[in-house]
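Read through the structure below, which is laid out as structure tokens, and then see the notes.
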């Protein structure tokens, strides 16, 4: 079946907001006496806010109630938004704009499939929101990755079947979600941490479409 749609994760695929998330989580973790390392960074990639917070509090052996979860999620999100506020189109990964424009030229429909509730704001800061035909983010998804809902919803909004879509993902949870949805998945990053992807490439700039 021919490819008619691309579904892109945001953090770590389009720009390095994954780094912003990790900095904010590190700041919060330190308040609980926890130091996060590279493996924690990989484990938190593509994971929704509450699951990430529970992961960190678990390392501190804290069993939170609802009010603590809400307070810490809001604080972490504000720290993240403070970093996002300074973003410009220069924060796009090299080659991303060319990738999106080339897809448009070939009549490929483009969706965002992100766990972030701030995804639309980031796209606006990067000045690329208008290039997306659909945006699926954490505010409209009930089940975060690795559940396939994000990508099933994105394909539906593009009016395509999942098997007509290629997903571009940098996180293990996203790879599993894309496979479960029935999409072809291309990993962005290092092969050793992206098992299950059809192929793994360093960045969107490296993608050569087959028409």
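When only Cα pairs under 8 Å and 6 or more residues apart are kept, what is the percent relative contact order across region 5-104?
37
Could you list 62, 135 in order of exposure, starting from the residue whose Cβ has the fewest other Cβ atoms within 10 Å?
Listed from fewest to most nearby Cβ atoms, that is 62, 135.
Can you compute the helix-only [θ] at 222 nm over the chain? Use -39500 (n - 2.57) per DSSP H run of at least 4 residues, normalise by all residues, nearest 500 deg cm²/dmol.
The helix contribution divided over the chain gives -13000 deg cm²/dmol.
If I take every Cα pair under 8 Å that is 6 or more residues apart in the chain, average their sequence separation and divide by the length, what percent do I get for the relative contact order?
About 26 percent, as a whole number.
Classify region 122-169 as rounded, prolate or oblate from the Cα gyration tensor: take a ≥ b ≥ c as the square roots of its eigenvalues, call it rounded if a/c is under 1.5, otherwise prolate when a/b beats b/c and oblate if not.
The shape class here is oblate.
Given labels modelled 7 Å from the Cα in the Cβ direction, how far is it in nm from residue 54 to residue 70?
Roughly 1.8 nm, to one decimal.
Between region 7-58 and region 117-184, how far is it from one alpha carbon centroid to the other, in angstrom?
19
Where a ≥ b ≥ c are the square roots of the eigenvalues of the C-alpha gyration tensor, would you call region 96-211 rounded, which needs a/c under 1.5, or, failing that, prolate if a/b is larger than b/c, or oblate?
rounded
Rounded, prolate or oblate: pick one for region 41-158, where a ≥ b ≥ c are the square roots of the eigenvalues of its C-alpha gyration tensor, a/c under 1.5 means rounded, and failing that, prolate if a/b is larger than b/c, else oblate.
Prolate shape, in that a/c is at least 1.5 and a/b is the bigger ratio.
Quick note: the coordinates plus some simple rules give every number you see, no bench work behind them. These numbers were taken from a predicted model, which means no experiment stands behind them. Every residue, glycine among them, receives a Cβ derived from its backbone with ideal geometry; neighbour counts consider all protein chains shown.
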